[in-house]
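The values are calculated or read from the model by the stated rules, or taken from the named source; none is laboratory data. Predicted, not measured: the structure shown is a model, and the values here were computed from it. All Cβ positions, glycine included, derive from the backbone under ideal geometry; neighbour counts span all protein chains shown. These area figures cover heavy atoms from the full protein model, side chains too; ligands, DNA and RNA do not enter into them. Shrake-Rupley method; radii C 1.70, N 1.55, O 1.52, S 1.80 Å.
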Amino acid sequence: MDKDKEIKKLKAEIEKLKKLVIRDELTGVLNRRGLNEELSILFNEAIALNGHRHKRKLHVDDFSIIFIDIDNFKKINDIYGHNVGDLALKKIAAFLRKKMRSIDIVGRFGGEEFAIAMLGASEDDAYKKAKDIKEDIKRDIKFAKYKNLKVTLSVGVASVKESVAKSVLELIVCADKAMYEAKHNRGKDNVVRYSEIS
């Protein structure tokens with residue numbers, strides 16, 4: 001009996017550790033490792049067998065990544081403190097989970113960057129969603145003690161069809177390049193499609 005209890009307890013601990021390995025402790029969304037694992041599985045299942053519909057479990061014509069960077073995040077931490085920076089990350093993660101479809105994957109890529117995978121979404125679909133997210137976060141994310149603090153985002157969007165990416169990593173790189181364009185060349189608080197710059 002004691003042995004069975006011990007085994008159950010160990011299994012529960014292993015499951016807890018697995019979650020810690022793939023989940024971001026602060027925000028509760030997938031971390032970079034978890035994102036890479038989940039996205040690779042989905043990408044391969046949905047896209048890699050694109051010419052062989054009969055072999056696929058999922059019938060998806062496109063796959064898009066929205067890559068988000070919080071503008072002036074270092075300044076938020078420097079002026080308001082790391083607690084407010086952490087709160088901003090938590091609020092954005094919660095907002096993204098609520099705003100996205102249940103089949104979409106949301107994760108914190110690192111630091112102040114988030115990535116969202118939209119299964120079956122074209123670049124245009126993802127672009128429209130990204131614009132909505134950017135505007136809604138600017139309007140809705142508020143801090144009771146700091147009325148003047150507004151959070152803005154620079155966002156890049158890339159899809160398999162428009163980028164011709166052959167792996168999920170290549171697709172993330174394309175979305176990251178589009179985000180870089182939005183942040184560094186277009187004055188932040190912007191959304192850019194990869195197809196615009198490629």
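Accessible surface area normalised per residue over the chain is 57 Å², counting heavy atoms of protein chains with a 1.4 Å rolling probe.
Among the listed values [x] 0.93; [y] 1.02; [z] 1.04, the one matching Rg/Rh (Cα atoms, Kirkwood Rh) as calculated from this structure is [z]. Using a probe of 1.4 Å on the protein chains alone, the accessible area found for residue 146 is around 70 Å². For residue 5 and residue 82, the difference between the fully extended length at 0.36 nm per residue and the C-alpha to C-alpha distance is 23.6 nm.
Taking all protein chains as shown and a probe of 1.4 angstrom, residue 149 keeps an accessible surface of around 10 Å². Across segment 81-167, the volume of the C-alpha convex hull divided among the residues equals 99 Å³ per residue. Sequence-ordered 3J(HN,Hα) estimates for segment 122-129 from the Karplus curve with 6.51, -1.76 and 1.60 and θ = phi - 60° stand at 6, 4, 5, 4, 5, 4, 4, 5 Hz, glycine and proline given as x.
Within the assembled protein chains, the solvent-accessible surface assigned to residue 97 is about 120 Å², based on a 1.4 Å probe. With both residues required to sit in segment 85-198, DSSP beta bridges show an antiparallel share near 55%. Taking the accessible area of the chain, probe 1.4 Å, and keeping the other protein chains in place, the carbon and sulfur fraction comes to 52%. Taking 98, 9 and ordering them by how much accessible surface each has at a 1.4 Å probe, largest first, produces 98, 9. Evaluate E = 1/(1 + (r/R0)^6) for residue 186 and residue 75, where r is the Cβ-Cβ distance and R0 equals 22 Å; express this FRET efficiency to the nearest 0.05. It comes out at approximately 0.70. Model label points for residue 128 and residue 22, set 7 angstrom from Cα along the Cα-to-Cβ axis, are 3.1 nm apart.
In order along segment 110-115, the Karplus-derived 3J(HN,Hα) couplings, from 6.51 cos²θ - 1.76 cosθ + 1.60 at θ = phi - 60°, round to x, x, 9, 10, 10, 10 Hz, and Gly and Pro are given as x. The sum of -39500 (n - 2.57) across all DSSP H runs of n ≥ 4, divided by the residue count of the chain, sets its helix-only mean residue ellipticity at 222 nm to -15500 deg cm²/dmol.
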